[in-house]
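Visitor: Before I ask anything, here is the structure I am working with.
Every number here is computed from the coordinates shown, using simple stated rules; none is lab data. Since the structure is predicted, the reported quantities are computational estimates derived from the model, not experimental observations. Neighbour counts run over all protein chains shown; Cβ positions are idealised from the backbone, glycine included.
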Amino acid sequence: MLRALLRNPAALFGLVVILAIGLAALAAPWLAPFPPDEQFFEGLSLEGAPLPPGPQFWLGTDLLGRDLLSRLIYGARTSLIIGLAANGTAVLIGTALGLVAGYAGGWTATILMRFTDLMMAFPALLLAITLAAIFSPSLWIVALVIALVNWVQVARVIYTQTRGLVEQDYIEACRAIGAGHGRILSHHILPHLVPTMLVWGTLGIATTVLLEATLSFLGIGVRPPTPSWGNIIFENQTYFATAPWLVFCPGAAILALALAFNLLGDALNDLLDPLQQGRG
Amino acid sequence: MALYLAKRLGQSVLILLGISLITYGLIYLAPADPVRQIAGRSATPETVASIRRQLGLDLPLWQQYLRYLGQLLQGDLGRSYIQKTEVTTLILSRLPATLQLLAGAIVVELIIGLGAGIAAATRRGRPADRLIMAASFVAVSAPQFVLGILLLYVFAVQLRWFPIGGYGTLAHLVLPALTLGILGGGWYARMTRASLIEVLRQDYIQTARAKGAGPGRVILVHALRNAALPIVAMVGLDIGMFMSGAVVVESVYGWPGIGQLAWQAIQRVDIPIIVGVTLVAATGIVLGNLVADLAAPWIDPRIRRG
């Protein structure tokens with residue numbers, strides 16, 4: 001499978017970008033030229049404005065005279081931690097709900113899936129904003145808020161597939177030879193859902209990264225001084241006309257990471273075609 | 001048909017009820033105490049108790065919810081903590097600006113999406129197709145606030161073709177509508193392409209070609225009509241994406257709509273406004289989906305016959 005992925009140029013590009021950003025996040029303390037929170041006296045011009053990219057500060061400095069490159073490298077940690085944690089949680093919640101509803105059927109399914117429909121009626125960002133405004137956000141609260149709005153599509157897809165699987169003859173056969181619910185779910189249904197979880201686990205990270213960046217840009221995501229690509233733009237947006245690198249460098253980073261996960265997820269989807277699996 | 005209509009309407013009403021339950025839950029969870037916000041810090045315990053009674057906060061929870069529901073049915077979304085104005089009044093005064101922005105964004109996304117989708121589908125597998133698909137991936141991966149600031153920087157600050165922000169004329173609308181519409185345009189391009197490729201394989205297209213219809217006529221008259229259904233179904237879902245996007249785009253461009261209202265409310269943790277905008281947006285989504293579902297049989301007679 002990996003070989004097939006590597007032969008697809010779009011997927012390869014995605015993988016390389018993800019690996020590069022992941023390595024930068026892991027090696028941040030060694031890779032970053034300066035500590036991300038250090039304010040340099042020489043990091044601001046005589047008029048107190050941020051410095052443009054130059055030999056000392058490669059990508060220039062921000063409004064407080066901090067090194068932008070170092071903040072971007074540490075910001076990769078925030079994006080990836082939230083991306084993985086929030087989306088992982090969303091996939092788990094969605095899978096659990098979809099699986100239970102699809103397997104149990106009847107009233108359980110009706111109630112759970114009507115609730116899913118209901119959640120679909122809320123615009124993700126607005127719901128996340130309301131939740132973030134209610135629980136004053138830390139890194140993990142932001143991840144939780146994003147997970148709470150992003151599980152919905154996963155639940156729908158998993159539900160449809162589980163329903164398709166439950167009606168198969170081999171499940172009937174399992175029951176006939178006395179397999180319990182737990183065994184049927186874990187040994188005979190869940191394995192068929194792994195491709196879907198994998199595809200959503202990848203595509204969903206793109207959505208999550210964008211949502212975190214947007215919340216942080218609106219000032220209710222990850223709070224400064226913890227650097228996040230979104231809050232770097234939030235802090236510096238007033239300088240966009242005179243110091244555009246302060247907006248467009250983190251902006252390019254967000255785009256690259258979201259694009260990479262979208263390309264990889266799309267390639268995985270073509271390869272595994274999980275939507276076919278459920279129909280059996 | 002009448003049964004389908006009634007069933008679909010009933011479902012929408014149930015979902016709207018569910019939405020009100022959730023928004024009530026959100027208000028209830030909010031840590032800010034509305035009584036303290038209204039009474040101020042120096043209020044006597046008697047004043048606090050009387051305001052509590054006025055607001056119905058001494059009632060059991062289910063009665064409070066029914067009261068809230070009754071207010072909603074009368075179009076009352078509560079009062080802003082900070083501005084002391086009715087939330088409904090605030091939202092209504094800003095709705096026209098947002099609707100104008102949404103209309104602009106829909107035009108942009110349809111032009112970009114249909115144009116790029118048709119161009120890609122008719123050149124399947126060729127470099128132009130690959131380029132358009134790559135561009136659509138970039139469009140759906142781009143953070144809207146960065147795109148907004150980028151367009152502002154290039155077209156307003158550097159080239160001075162459009163005003164830097166504000167509201168009123170068509171020139172003010174171009175950049176915000178473009179920012180909001182590009183994301184949807186990316187999705188539509190992919191959707192139109194997939195839908196058209198599917199339709200172009202069918203026999204009746206062969207027949208149309210055999211009878212001498214030119215490529216333009218085949219696409220626009222014969223194929224697009226059948227590819228339209230998933231596209232219309234998507235317009236209903238779009239409203240959600242737009243409402244989320246409006247918060248970002250309106251705050252970047254200083255567009256005086258309900259997105260900006262929500263953004264200003266976020267800065268002041270003015271929960272009634274945030275929840276009110278969420279409620280209005282969710283209602284808009286339910287209605288959008290309803291309209292899309294009801295329009296489906298009208299577009300595709302096969303559904304009408306069931």
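Visitor: Which of rounded, prolate, oblate describes chain B, given a ≥ b ≥ c as roots of the alpha-carbon gyration tensor eigenvalues and a/c under 1.5 marking rounded, otherwise prolate only if a/b is larger than b/c?
Guide: Judged from the Cα gyration tensor, chain B comes out oblate (a/c at least 1.5, b/c at or above a/b).
Visitor: While we're looking at this one, here's another question. Place a +1 charge on the Cβ of each Lys and Arg in region B:95-305 and a -1 charge on the Cβ of each Asp and Glu, then give the dipole magnitude about the Cα centre in debye, rounded to the nearest 20.
Guide: Taking the Cα centre of region B:95-305 as origin, the dipole is about 940 debye.
Visitor: Sticking with this structure for a sec: Which value, to two decimals, describes the C-alpha radius of gyration of region A:78-272 once divided by 2.2 N^0.38 Å?
Guide: 1.20
Visitor: Apply the Karplus parameterisation 6.51 cos²θ - 1.76 cosθ + 1.60, with θ equal to phi minus 60°, to every residue of region B:195-208 and state each ³J(HN,Hα) to the nearest whole Hz, in sequence, with x for glycine and proline.
Guide: 5, 5, 4, 4, 5, 5, 6, 7, 4, 5, 5, 4, 4, 4
Visitor: Then there is this: Find how many whole Å separate the alpha carbon centroid of region B:126-197 from the alpha carbon centroid of region A:62-83.
Guide: 27 Å
Visitor: In µm²/s, what is D for region A:1-131 at 37 °C and 0.692 mPa s, where D = kT/(6 pi eta Rh) by Stokes-Einstein and Rh is the Kirkwood radius from Cα pairs?
Guide: The Stokes-Einstein estimate is 173 µm²/s.
Visitor: Taking N as the number of residues in the protein assembly as shown, what is its alpha-carbon radius of gyration divided by 2.2 N^0.38 Å?
Guide: Dividing the Cα Rg of the protein assembly as shown by 2.2 N^0.38 Å gives 1.03.
Visitor: Got a sec? Charge dipole of region B:95-305, +1 on Cβ for Lys and Arg, -1 for Asp and Glu; which of B:Ala210, B:Ala189, B:Gly166 is way out at the positive end?
Guide: B:Ala210
Visitor: Taking amide H positions as placed 1.01 Å from N in the peptide plane, with prolines and chain starts having none, which residues 5 or more places from A:Leu59, or on another chain, fall under 5 Å of its amide H?
Guide: A:Gly54, A:Leu68, A:Leu69
Visitor: Something else: Give the relative contact order (percent, whole number) for chain B; include only Cα pairs under 8 Å separated by 6+ residues.
Guide: Normalised by residue count, the contact order of chain B is 24 percent.
Visitor: Would you order B:Leu220, A:Leu127 from fewest to most other beta-carbon atoms within 10 Å of each residue's own beta-carbon?
Guide: B:Leu220, A:Leu127
Visitor: Further question on the same structure: How large is the dipole of the protein assembly as shown about the Cα centre if only Lys and Arg carry +1 and Asp and Glu carry -1, each at its Cβ, rounded to the nearest 20 debye?
Guide: Result for the protein assembly as shown is approximately 1500 debye, rounded to the nearest 20.
Visitor: If you don't mind, another one. Roughly how crowded by other chains is peptide B:143-155, in terms of the mean Cβ count from those chains within 10 Å of each of its Cβ atoms?
Guide: For this peptide, the per-residue mean of nearby foreign Cβ atoms is 6.
Visitor: Using mean Cβ contacts within 10 Å as the protection proxy, how do A:231-244, B:138-151, B:5-18 order, highest first?
Guide: Descending packing order for the listed peptides: B:138-151, A:231-244, B:5-18.
Visitor: Further question on the same structure: Starting with the fewest neighbours, write out A:Trp151, A:Trp58 ranked by other beta-carbon atoms found within 10 Å of each beta-carbon.
Guide: A:Trp58, A:Trp151
Visitor: Let me ask something additional. Subtract the Cα-Cα distance of A:Thr242 and A:Leu6 from 0.36 nm times their separation in residues, and report this length gain in nm to one decimal.
Guide: 80.8 nm
Visitor: Right, something else. Partner chain Cβ atoms within 10 Å, averaged over the residues of B:259-268 - can you pull that number for me?
Guide: Partner-chain Cβ atoms within 10 Å, mean over residues of B:259-268: 3.
Visitor: Hey, another quick one. Just to confirm the filter: which GluC sites (Glu not before Pro) across region A:140-219 are DSSP coil and have at most 12 other Cβ within 10 angstrom of their Cβ?
Guide: A:Glu167
Visitor: Could you give each residue of region B:263-272 its phi-based ³J(HN,Hα) in whole Hz, using Karplus coefficients 6.51, -1.76, 1.60 with θ = phi - 60°, and x for Gly or Pro?
Guide: So the Karplus estimates, Gly and Pro as x, are 4, 5, 5, 4, 4, 10, 6, 8, 4, x Hz.
Visitor: Taking the Cα atoms of region B:2-73, report the difference between the largest and smallest coordinate on each principal axis, in whole Å and largest first.
Guide: 59, 19, 16
Visitor: Tell me, what HN-Hα J-couplings in whole Hz come from the Karplus equation 6.51 cos²θ - 1.76 cosθ + 1.60 at θ = phi - 60° for each residue of region B:48-53, using x for Gly and Pro?
Guide: 4, 5, 6, 5, 4, 5
Visitor: Tell me, what is the percent relative contact order of chain A, built from C-alpha pairs under 8 Å that lie six or more residues apart?
Guide: Reported as a whole number, the value is 25 percent.
Visitor: Compute, for region B:2-73, the length of the dipole vector about the Cα centre, with Cβ point charges of +1 (Lys, Arg) and -1 (Asp, Glu) only. Units Debye, rounded to 20.
Guide: 180 debye
Visitor: Dipole of chain B (Lys/Arg Cβ +1, Asp/Glu Cβ -1, origin at the Cα centre): which of B:Gly148, B:Gly78, B:Pro127 lies farthest to the positive side?
Guide: The Cα lying farthest towards the positive end belongs to B:Pro127.
Visitor: Could you work out the mean count of beta carbons from other protein chains within 10 Å of each residue's beta carbon in A:242-251?
Guide: Per residue, the average neighbour count from other chains is 3.
Visitor: Mind listing the long-range amide H neighbours of B:Arg79? Cut-off is under 5 Å, sequence gap 5 or more, other chains count too, H placed in the peptide plane at 1.01 Å from N.
Guide: B:Val87
Visitor: Please compute the alpha carbon radius of gyration of region B:1-138, then divide it by the globular-protein estimate 2.2 N^0.38 Å. Two decimals is fine.
Guide: 1.70
Visitor: A further question follows. Let me have the relative contact order for region A:1-130, percent, based on Cα pairs under 8 Å that are six or more residues apart.
Guide: For region A:1-130, the relative contact order is 17 percent.
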